Amino acid sequence: LNSPGPDAEKFLPRMYMLIAVIRILKAHIYQLVKSKLPLKYFDIDVSLAGKIKNHIVSFIQASPVTTEGKQQGALGKVAAIIQAEAAQIFAEGFEFFFQAVSDQVTYLANLLTKRLESKNLSEAES
């Protein structure tokens, strides 16, 4: 979610298209998870699922858009929508992105460890 730069007039419509694509992806991932079938039944390679996950995570972690002028409010809203939709995809597609239960547990354990380390670091700085 980078700043629009020289193509500012095209940036906002492109972001709305991105939102539409993300919502379609969310619907498909929801259906894949709901089916409870392995990725191989849908001819989806595990590496492709990993690439999708990496893109979704990058949308979640992206900094808010900052620009000058009238569009800042609209761009900020669009960026927030993209981040929210990406977070929903990640939450709904957790089983899609981490097929094995051991991968799910490992990811959650790493997430908790990072959170505790961050909390301890902030308490030490106080």
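When each of the peptides 54-60, 98-104, 117-123 is scored by how many other beta carbons lie within 10 Å of its residues on average, the order from highest to lowest is 54-60, 98-104, 117-123. For the stretch 71-124, what does the alpha-carbon gyration tensor say about shape, rounded, prolate or oblate, given a ≥ b ≥ c as the root eigenvalues, a/c under 1.5 as rounded, and a/b over b/c as prolate? The shape class here is oblate. Decide, for the stretch 13-126, between rounded, prolate and oblate: order the square roots of the alpha carbon gyration tensor eigenvalues as a ≥ b ≥ c, take rounded if a/c falls under 1.5, and otherwise choose prolate if a/b is larger than b/c, else oblate. Here the stretch 13-126 falls in the oblate category.
Here the Karplus relation 6.51 cos²θ - 1.76 cosθ + 1.60, evaluated at θ = phi - 60°, turns the backbone of the stretch 20-25 into coupling constants of 4, 5, 4, 5, 5, 4 Hz, with x for every Gly and Pro. Computed 3J(HN,Hα) for the stretch 79-91, one whole-Hz value per residue from the Karplus formula 6.51 cos²θ - 1.76 cosθ + 1.60 where θ = phi - 60°, is 4, 5, 5, 4, 5, 5, 5, 5, 5, 5, 4, 4, 5, glycine and proline marked x. Peptides 33-40, 81-88, 17-24, ordered by how many other C-beta atoms sit within 10 Å of their residues on average, highest first, read 81-88, 17-24, 33-40.
The numbers here are math on the coordinates, done by the rules we state, and not lab data. No experiment lies behind these values; they were computed from the predicted model shown. When we count neighbours, we look across all protein chains shown, and the Cβ atoms used for this are built from the backbone with ideal geometry, even at glycine.
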